[in-house]
Each structure stands twice: as C-alpha cells, then as structure tokens.
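Undergrad: My structure is below; once you've seen it, I'll send some questions.
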Amino acid sequence: MEQNIALYQKQAQQLNLSQGLQQSLLILQLDVIDLTKYLEERSLENPLIEVKSNLDSLMSSSAESRTFQIADKHESLFHYVLEQIQLTMRPTKLRKIVLGLVAYLDSSGYLLTSDQELKTTLKTDDTQFKDALELLQQLDPPGIGARSLQECLVLQAERDADKIAKMAVMFLKEHFEAILANKWQSVATALQISPSDLAKIQRYIRNLSPTPNTNFVPDKTPYIYPELSVERNGTHLSLTLLNNGQPSINFAQEIYQRLVQANDQRTRAFLSEKKQEYISIRQAIVNRKRTLFRISEIIVAHQYAYLTKKQNYLEPLLLRDIAQQLQINESTVSRAIKDKYIQTPVGIFALRHFLSKRSNLHHYEHSASSDQVLKLLKDLISHENPSHPLSDEKIVDILQNKSNIQVARRTIAKYRQKAGIANARQRKTQK
C-alpha cells in the first residue's frame with residue numbers, strides 16, 4: 001500500500017513539471033493584455049493566486065495611458081480556443097498536452113512547429129501526441145491546428161457529411177498537387193466524376209478558408225499596449241521596461257495558512273499543488289520580463305541608426321542573430337517578441353518590425369537588408385523621369401554603381417511587385 005502511494009506522488013510531480021513548462025511557453029508569448037486575462041483565469045482555479053493589474057483603468061483612458069486600438073484577430077482566436085478546452089475537456093494529462101499545443105499556434109491558427117519538436121518539448125509519446133492533436137483539431141474554428149494548407153482545407157471539408165464534401169476530401173487528400181496545378185479535369189476523368197459534380201466540388205473547395213481564422217470575427221475591441229520604451233538622450237538611447245499595466249501576482253498567505261491547518265490529506269495535497277503552480281507562474285513571469293528586455297536591448301543597439309533617424313531603413317537582423325547572441329533557441333526569440341510592442345522616438349512598432357531579412361545579394365562592406373533595398377527602389381522610382389521610367393535592369397545598374405549593391409533583376413522585380421509598383425512600361429502608360 002505504501003509503495004502505491006509513493007508511485008502516485010512521483011507521477012504527480014512529473015505532471016506538474018510538464019504543466020510548468022507549458023505555462024512558461026504560454027506566458028512568454030502572451031502580450032500584456034492576454035497575460036493579464038490568462039492570470040485572471042488561473043486565479044479562478046487557484047485560490048492562492050491574487051492578480052494585481054491597473055490595465056482596465058489604463059485602457060479606459062487611452063489619452064493618458066498610451067493604449068491604442070488595432071485590428072487583431074489572434075487575441076480573440078486564442079481565447080476562443082482556450083475557452084473551449086477549459087469547458088469541454090476534463091483536467092487530464094491529455095488536456096495539458098492540448099494546452100501545450102495551443103502555445104505553438106501562430107496568429108492564423110496554424111501549428112507549424114515540427115511534430116518531433118512538439119513531442120520533445122511537451123514530453124509526450126506518439127500516441128498521446130496524436131490524440132491531443134486530434135482533440136485540438138476538433139475545436140472551432142474548423143482547420144485550427146492544421147500543419148499545412150492541405151490539412152487546413154481537409155479539416156474543414158471533413159466537418160460536412162454531404163456527398164460533395166466527401167468528394168472534396170478525396171480530391172484534397174489524394175490529388176492536392178493536381179488541384180494546385182489547376183488540373184481539375186484530369187482528376188475528374190480519372191475518378192469518373194460528372195461535369196456537374198466537378199463544378200460543385202470546385203466551388204466547394206474554393207469557398208474553404210485558407211487559414212483557420214479567416215472567418216473568425218472577434219467579439220470585442222482589441223488593444224495593444226507598448227511594454228517597452230526607448231527614449232533618446234542626446235546620442236544615447238535608453239531602454240525601459242514599462243511597469244504600468246504589467247500584471248503581477250501575490251501569494252494568498254492568509255488563505256493558505258487557514259487551509260493548511262486542516263487535517264484532511266486531500267486538502268493538503270491540493271494546497272501543495274496550487275502553491276507549486278503559483279511558484280511556477282511567478283518564475284515564468286520573471287523569465288518573460290528578462291527575456292523580453294534582453295532581446296529588446298539587442299534590437300535597439302542593432303537598429304540605432306534607424307531609431308535615431310540617421311537612416312530610414314533597417315539594418316539586417318534575423319531571429320538567428322539574436323538567438324546566437326543570447327545563446328537561446330530561435331523559437332524562444334520568436335515567442336518572446338510575438339505581439340509585443342515598443343514605443344520609440346520614431347513611433348510605436350511591433351518588435352518583429354525591427355527584424356529585416358538579408359536580401360539575396362552582396363554588399364562590398366556588409367549585407368544589405370531587404371528593407372534597405374526596398375526603400376532605395378521606391379526612392380529611385382519616385383524620382384524617375386515619367387516619360388522614361390526605369391527598367392528593372394536599369395535599377396540593377398544604378399544600385400551596383402551608386403550603392404555598391406549587387407542584386408539580380410528578378411529580385412528587383414520581386415521587391416517591386418511586393419511594393420505594388422507596376423513595371424516600367426505600365427508606369428509610363430499610367431503617367
């Protein structure tokens with residue numbers, strides 16, 4: 001009998017560690033508003049957690065508080081999925097794995113982290129992972145947790161039981177490449193599908209959403225709140241972590257002391273579990289602040305010229321660069337800057353704004369960023385002769401001769417299209 005109790009206690013400790021890891025991942029990637037709401041949700045289940053935040057008063061006075069309205073579907077999508085898990089799933093290990101998967105959803109509702117990395121991080125086996133993924137993908141909106149466009153469309157079509165939907169699932173699963181190549185007729189011929197049914201299948205598939213959150217309408221007005229501030233003092237930039245609005249948690253000592261005196265073993269076990277959860281969450285909040293500040297220090301130092309208005313383009317900076325400097329994983333950097341905003345002398349930006357990919361080119365002194373090339377391109381075209389607009393080839397020559405930047409013509413065409421700029425012949429006609 002005693003041996004059985006010992007085994008049970010050891011297993012419970014392992015589950016707590018796993019839950020702590022999942023909470024740490026969630027807390028790292030949540031913005032200050034989502035973090036406040038998440039902590040309030042946890043406090044409803046944990047009487048030892050007291051949440052303190054003045055976010056409501058700050059948001060009710062945006063003129064004084066630096067809060068700003070934005071259109072952001074992800075905040076509502078995240079809470080919508082989280083609420084479904086809490087209302088429909090019993091508190092089991094499988095539910096904890098599902099919550100862990102939610103931490104890896106991107107803003108569109110996709111689950112793009114590799115299965116192996118997820119299984120390793122969440123410390124689960126193949127069977128539990130598949131069961132948890134299936135539970136997640138059964139939630140709304142249809143397609144949530146998809147790992148590819150194909151899977152997203154299949155998950156949506158599988159929700160319908162009619163004949164056309166079933167045929168669409170077969171098309172998507174077995175002939176997806178042919179659909180992408182617009183070879184509908186060849187598939188229909190091979191499967192002996194009538195022209196009438198083919199037209200219905202085409203219409204059905206084209207009405208599916210490419211991302212899980214496309215048709216998801218948020219039920220409230222979302223806000224952003226800058227968590228960091230950069231101020232300029234002469235030639236020096238100072239970085240500050242803004243505490244106004246940041247939630248904090250306190251340990252409900254009086255409640256704990258009153259309940260811990262009970263002789264009930266279940267009560268004591270419950271209190272032990274909830275106290276450990278409080279410690280885990282408190283440490284996760286500390287780690288979140290430290291990680292966010294260290295990453296922001298690197299970003300501010302690297303983009304000094306942009307932030308001090310000495311240049312109007314960003315220097316090349318990748319997730320990998322930051323991860324290498326801090327000796328952490330790229331995924332950690334990505335989660336830490338997700339939906340985080342910083343107030344700077346040149347405006348309020350998402351931290352991700354300051355990451356600029358290196359262009360597929362060479363610079364005599366250093367690699368140019370795609371942001372820099374795009375700004376140079378726009379500047380050249382804005383000052384061109386309307387009667388003789390610059391061709392892509394001419395722009396390549398100018399960049400090489402005047403800016404020491406070597407870039408392929410197709411790269412210029414890609415940047416031009418990205419900026420919504422027509423080619424030289426069309427610009428001449430338009431002007």
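The values are calculated or read from the model by the stated rules, or taken from the named source; none is laboratory data. Please read these numbers as outputs of a predicted model, since none were measured by experiment. FYI the Cβ positions are ideal-geometry reconstructions off the backbone, even for glycines, and counts take in every protein chain you see. Surface accessibility is based on the protein's heavy atoms, side chains included, excluding ligands, DNA and RNA. Shrake-Rupley method; radii C 1.70, N 1.55, O 1.52, S 1.80 Å.
Undergrad: What is the gain in length, in nm to one decimal, between T267 and V346 on full extension, counting 0.36 nm per residue of separation less the C-alpha to C-alpha distance?
TA: 23.0 nm
Undergrad: Using protein chains only and a probe of 1.4 angstrom, how many square angstrom of E40 are accessible, to the nearest 10?
TA: Ignoring ligands and nucleic acids, E40 comes out at about 80 Å².
Undergrad: So what does E315 come to for accessible area, using a 1.4 Å probe and Å² rounded to 10?
TA: Accessible surface of E315 is approximately 40 Å².
Undergrad: Taking the Cβ-Cβ separation of E117 and H383 as r and a Förster radius of 35 Å, what is the calculated FRET efficiency to the nearest 0.05?
TA: 0.15
Undergrad: Given Cα pairs under 8 Å that are at least 6 residues apart, what percent is the relative contact order of the range 237-329?
TA: The normalised contact order for the range 237-329 reaches 24 percent.
Undergrad: For N329 and Q128, what is the calculated FRET efficiency with R₀ set at 25 Å and r taken between the beta-carbons, to the nearest 0.05?
TA: 0.60
Undergrad: Related question: I need the calculated FRET efficiency for the pair Q150 and A419, taking r as the beta carbon distance and R₀ as 35 Å, to the nearest 0.05. Walk me through the numbers on the way to the answer.
TA: Values: r = 30 Å, r/R0 = 0.87.
For R0 = 35 Å, the calculated efficiency reads 0.70.
Undergrad: Would you rank T267, T88 by solvent-accessible area, highest first, keeping every protein chain in place and using a 1.4 Å probe?
TA: T88, T267
Undergrad: Now a separate question. Straight-line reach from K428: which aspartates and glutamates have Cα under 15 Å away, leaving out those fewer than 8 places along the same chain?
TA: Counting by Cα, and skipping residues close in sequence, K428 has these aspartates and glutamates nearby: E384, D392.
Undergrad: Turning to a different aspect of this structure: Compute the distribution of all C-alpha to C-alpha distances in the range 153-312, in bins of 5 Å from 0, and list the percent of pairs in each, rounded to whole numbers.
TA: It works out to 1, 6, 10, 9, 7, 6, 6, 7, 8, 11, 10, 9, 6, 2, 1, 0, in whole percents.
Undergrad: Taking the full set of protein chains and a 1.4 angstrom probe, give the accessible area of L44 in square angstrom, rounded to the nearest 10.
TA: Per-residue accessible area (L44): approximately 150 Å².
Undergrad: Using a 7 Å offset from the Cα along the Cα-to-Cβ direction at both A301 and S186, what is the distance between the two label points in nm, to one decimal?
TA: Taking the simple label geometry, A301 and S186 are separated by 5.5 nm.
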